[in-house]
Amino acid sequence: MSSASIMTAPQHIQEQQRKHAPGASGDFSWLLTGITLAGKMVAAEVRRAGLNDVLGATDDVNVQGEVQQQLDVFANNALIHCLGSRGNVGVLASEENENPVVVRDSRDGNHGDEYVVVFDPLDGSSNIDLNVSVGTIFAIFRRDSADTDSPEKDVLKPGIEQLAAGYVLYGSSTMLVYTTGDGVDGFTLDPMIGAFVLSHPKIKMPEKGNIYSVNEAYADSFPTYCRHYLHWLKSGTDDTVYRSRYIGSLVADFHRTLLKGGIFMYPGTGIYKDGKLRLMYEANPIAFLAEQAGGLATTGFERILDIEPTDIHQRTPLFVGSRYEMEQLHAFAKKPPKV
Ligand code: P6P
């Protein structure tokens, strides 16, 4: 690839900003480079995890009650440092922290716009020791709460208010996939130049797929409509023979769904009656990306992006994928077939 044709993530972000917010300050693109910098730092650690003694768990348990992996802590610190030092981030909320991190106590008109970033620093980290792909998931909101005494108010916004969302996938290659509301673009980290280079412009999710992705171990405790839908997918009632793929790492399972189509599901189960995945820093960013790529994302009944959050770490059922598979799911949810 000639240097003339290389489009790096910061260049792309600047171009997006010029196109869609000509009057906006460079703050937003400067903020997004905080994500790409943290992504490179985490990628370097993940790539060497087996060599530099960062595998395995710490002695700590996070707010989710999950044992913290060493790389969880590294990734969380990297994001807090890289985003906190951008100068325009007011509040950070992380899966690893019970409460929001207030970076700037109050809005100061001299500093232009301020932003709120919510993130899961290393989703799927329990898979790291097994060399399974993991990811960082993020969403960016504008900070507009007049009440700066309550950072929760800054964070608890419906997904429809996200300014940007995306993920860094630490897979066979490291990819940044993000949207600012004008479609979805993918960048691959080129280790030769240390930059995320545009590799997947304007990603579109296929209208229909042939893969479904769910942890079938819990199927007996899924809601009835969901069990019937699963049976429908497997029975080949339409002209498609569906295949099952489940990695157990949300970013990897969604990335495949984004590129190949089909459906990813994490319904309510006997263990997690409201689903296991978190609304603010897992379902919402994934839902924004899915809709921007032409897909759908719901709880089975409600659009994910419309949910009014009440708690930073609240969980939600998540169904996300191609229009066809999602519309079939909604038909089952509306009128579950007679048993
Ligand atoms: P289960 C990883 O722990 C995670 O949070 C997501 O990345 C993934 O989609 C889900 O949990 C897997 O959960 O119950 O199937 O192991």
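Derivation of every value follows stated rules applied to the coordinates shown; laboratory data play no part. Please read these numbers as outputs of a predicted model, since none were measured by experiment. For neighbour counting, all protein chains shown are included, and Cβ atoms are generated from backbone atoms with ideal geometry for every residue, glycine included.
For Cα pairs less than 8 Å apart in space and 6+ apart in sequence, what is the mean separation divided by the residue count of the chain, i.e. the relative contact order in percent? List each step's numbers first, then the result.
Numbers: 705 pairs, mean separation 50.7, N = 339.
It rounds to 15 percent for the chain.
Mark the label point 7 Å from the Cα of H81 along Cα→Cβ and return the residues of the stretch 152-186 whose backbone N is within less than 14 Å of it.
Under 14 Å, as judged by backbone N against the label point of H81, lies no residue of the stretch 152-186.
With no solvent and one point per C-alpha, what does the Debye sum give as log10 I(q)/I(0) for the chain at q = 0.09, 0.15 Å⁻¹?
Debye output, listed in q order: -0.47, -1.30.
Here is the link list: K153/K260; K19/K202; K273/K335; K153/K335. Which ones come out longer than 27 Å on Cα distance? Mind showing how you got there, number by number?
Numbers: K153/K260 37 Å; K19/K202 15 Å; K273/K335 21 Å; K153/K335 37 Å.
The answer is K153/K260; K153/K335.
Once you have the Cα-Cα distance between D238 and D306, take 0.36 nm times their residue separation minus that, and quote the gain in nm to one decimal. Let's see the in-between values first.
On the way: separation 68, 0.36 × 68 = 24.48 nm, distance 3.11 nm.
Here the segment from D238 to D306 would lengthen by 21.4 nm.
For the stretch 120-134, in order, what is each residue's ³J(HN,Hα) by Karplus, 6.51 cos²θ - 1.76 cosθ + 1.60 with θ = phi - 60°, in whole Hz (x at glycine and Pro)?
Running phi through 6.51 cos²θ - 1.76 cosθ + 1.60 with θ = phi - 60° gives 10, x, 8, 6, x, 4, 5, 8, 4, 5, 9, 6, 8, 4, 10 Hz.
Build a GNM of the chain with springs between Cα atoms under 10 Å: which of S322, S133, S249 gets the top mean-square fluctuation?
With Cα springs under 10 Å in the chain, the top fluctuation among S322, S133, S249 is at S249.
Could I have the simple spin-label model distance between N215 and D105, label points 7 Å from Cα toward Cβ, reported in nm to one decimal?
With each label placed 7 Å out from Cα toward Cβ, I get 4.3 nm.
Given DSSP loops and a limit of at most 12 other Cβ atoms within 10 Å, what is the longest stretch of the chain that contains no such trypsin sites (Lys or Arg not before Pro)? Don't jump to the answer; show the numbers that get you there.
Working: sites that count: R48, K202, K273, K338.
Value returned for the longest uninterrupted segment is 49-201.
For helix 323-334, report the angle its Cα long axis makes with the longest principal axis of the Cα atoms of the chain; keep it between 0 and 90° and round to the nearest 10°.
Helix 323-334 sits at roughly 60 degrees to that axis.
Placing one identical point scatterer on every Cα of the stretch 185-320 and ignoring solvent, what is log10 I(q)/I(0) from the Debye formula at q = 0.16 Å⁻¹?
Log10 of I(q)/I(0), two decimals: -0.86.
At what distance in nm do the modelled label points of E327 and T224 sit from each other, each positioned 7 Å from its Cα along Cα→Cβ?
Those two pseudo-labels are separated by 2.6 nm.
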